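The values are calculated or read from the model by the stated rules, or taken from the named source; none is laboratory data. Since this is a predicted model, take the numbers as computed values, not measurements. As a convention, Cβ positions derive from the backbone with ideal geometry for all residues, glycine included, and neighbour counts pool all protein chains shown.
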Amino acid sequence: MNIKLLLGALLLGPLVISAGCKPGSDEQVVQRNWVSVPALPIIQDAVSSLEPTFSGKRDASLMSQVCGLARGELTQKQVDDNLRKAGIKLDEKAKDATVLLYNGDKAGQATACAAYLATNVLQPVDAREFMRSVAKPKEEGKPAQPTLQLDRARLRQMLPIKVAEAKANGDVFALIATELQRRPGLTVAEYRKQAVELFARLAPQYLQRIKDQLPPHGAIYRLKRLDAERFAFGSSLGAYFEYGIDSGLVFKQNGLTWYGDGKLLGQEYPLQVDYFPEAVIPGNQRGNGVL
């Protein structure tokens, strides 16, 4: 997908934006309140707040239906039939993501699907997701016992998707960060709110971006670590993916930090944030000057 289409999505329709220099304020004092903060953690928190849940939990099976509706790959009748065959009865009084399975809200479905996929690579990996049960060789006098073994076919299927999701995050988050940089002087909460609105607007493009960023067939993947603490792998195409519970996601492409360590596409995208009240600024004659 051409990056111009992503830019165009940001320009469609008006946004109610707070100005950086607030009316009636002393511009010099306001600017001295500002602190340079990387955009990534703010955008990541904003997108995480959109993460859809069912009874307070993520549900891959139900989200596959929501995403099918969002992408136009499933009709409402097909979703209804799939849920009925699975024995799932929806609670129409629920106020969570359940409503997206039947309310026909295409924009809401796209936003929920995009947020689900974006946060899919921003949380710990359950190692059991890549394991399968096999029969352990029977020992004399002992019954055969099942054991878990790495499912390499599952790995070959899922690792390219992880790469595409991480790359799409870097692409779209960088676009959001660039737009936020044009609005200096907001508070963290105001930047987070703007990031939520921008991501929702870009949700359809995000879903397409994942398809565009899927690695070509034939790439070779090497699993480096898979346990409760860390999940890491590399590919023959120069991709390196690592998620740690203490460091979050770091994704690199040909040595460039595409996502993580405060960077997007190799840059930090600092935001000039209205971080402190005016009274704490040194030499502020209108405040107490606590510093």
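Report those helices (runs of 4 or more DSSP H) wholly inside segment 1-73 carrying at least 2 residues which are at pLDDT 95 or above and under 19 Å from the mean Cα position of the chain (by Cα).
Helices (runs of 4 or more DSSP H) meeting the threshold: 39-48, 60-71.
Taking the conditions exactly as written (out of contact with any Cys (no Cβ under 6 Å at 6 or more places or on another chain), free of Cβ contacts under 8 Å to residues at least 60 places away in the same chain and surrounded by 12 or more Cβ atoms within 10 Å (Cβ to Cβ)), does Thr53 satisfy them or not?
When the stated conditions are applied, Thr53 passes them.
All but one of (1) of a type in the set (Lys, Arg); (2) at pLDDT 95 or above; (3) surrounded by 13 or more Cβ atoms within 10 Å (Cβ to Cβ) hold for Lys77; which doesn't?
Answer for Lys77: the failing condition is (3).
Can Val172 be described as modelled with pLDDT under 95, within 18 Å of the chain's Cα centre (by Cα) and either hydrophobic (A, V, I, L, M, F, W, C) or in a loop (DSSP other than H, G, I, E, B) (or both)?
The answer is no for Val172.
Quick check, is Leu150 modelled with pLDDT under 95, in contact with a helix residue (DSSP H, G or I) (Cβ under 7 Å, 6 or more places away or on another chain) and closer than 18 Å to Leu214 by Cα?
Numbers: modelled with pLDDT under 95: yes; in contact with a helix residue (DSSP H, G or I) (Cβ under 7 Å, 6 or more places away or on another chain): yes; closer than 18 Å to Leu214 by Cα: no.
Judged against the criteria, Leu150 is not a match.
What about Phe130, is it touching a residue at least 24 places away in the same chain (Cβ under 8 Å), within 24 Å of Val163 (Cβ to Cβ) and out of contact with any Gly (no Cβ under 9 Å at 6 or more places or on another chain)?
In short, yes.
State which residue is nearest to Gln123 (Cα to Cα) when the search covers only segment 226-245 and only residues that are over 21 Å from the mean Cα position of the chain (by Cα) and at pLDDT 95 or above.
Looking at the filtered set, the residue picked out is Ser235.
Closer than 15 Å to Gln44 by Cβ and surrounded by fewer than 19 Cβ atoms within 10 Å (Cβ to Cβ): which single residue out of Glu278, Glu268, Glu197 fits that description?
Glu268
Does any residue of segment 261-281 turn out to be under 26 Å from Cys67 (Cβ atoms), in contact with a strand residue (DSSP E or B) (Cβ under 9 Å, 6 or more places away or on another chain), part of a strand (DSSP E or B) and modelled with pLDDT of 95 or more? Lay out the reasoning, then the answer.
First pass over segment 261-281, keeping only residues under 26 Å from Cys67 (Cβ atoms): 264-265.
From what is left, the residues that are in contact with a strand residue (DSSP E or B) (Cβ under 9 Å, 6 or more places away or on another chain) are 264-265.
Remaining after also requiring part of a strand (DSSP E or B): 264.
Remaining after also requiring modelled with pLDDT of 95 or more: 264.
Yes; the residues of segment 261-281 include at least one that is under 26 Å from Cys67 (Cβ atoms), in contact with a strand residue (DSSP E or B) (Cβ under 9 Å, 6 or more places away or on another chain), part of a strand (DSSP E or B) and modelled with pLDDT of 95 or more.
Let me spell it out: the conditions are (1) at pLDDT 95 or above; (2) surrounded by 14 or more Cβ atoms within 10 Å (Cβ to Cβ); (3) farther than 18 Å from Phe199 by Cα, and Phe130 meets all of them except one. Which number is the exception?
Result: Phe130 fails condition (1) only.
Considering only residues that are of a type in the set (A, V, I, L, M) and surrounded by fewer than 14 Cβ atoms within 10 Å (Cβ to Cβ), which ones fall in segment 56-74?
Passing the criteria: only Ala60.
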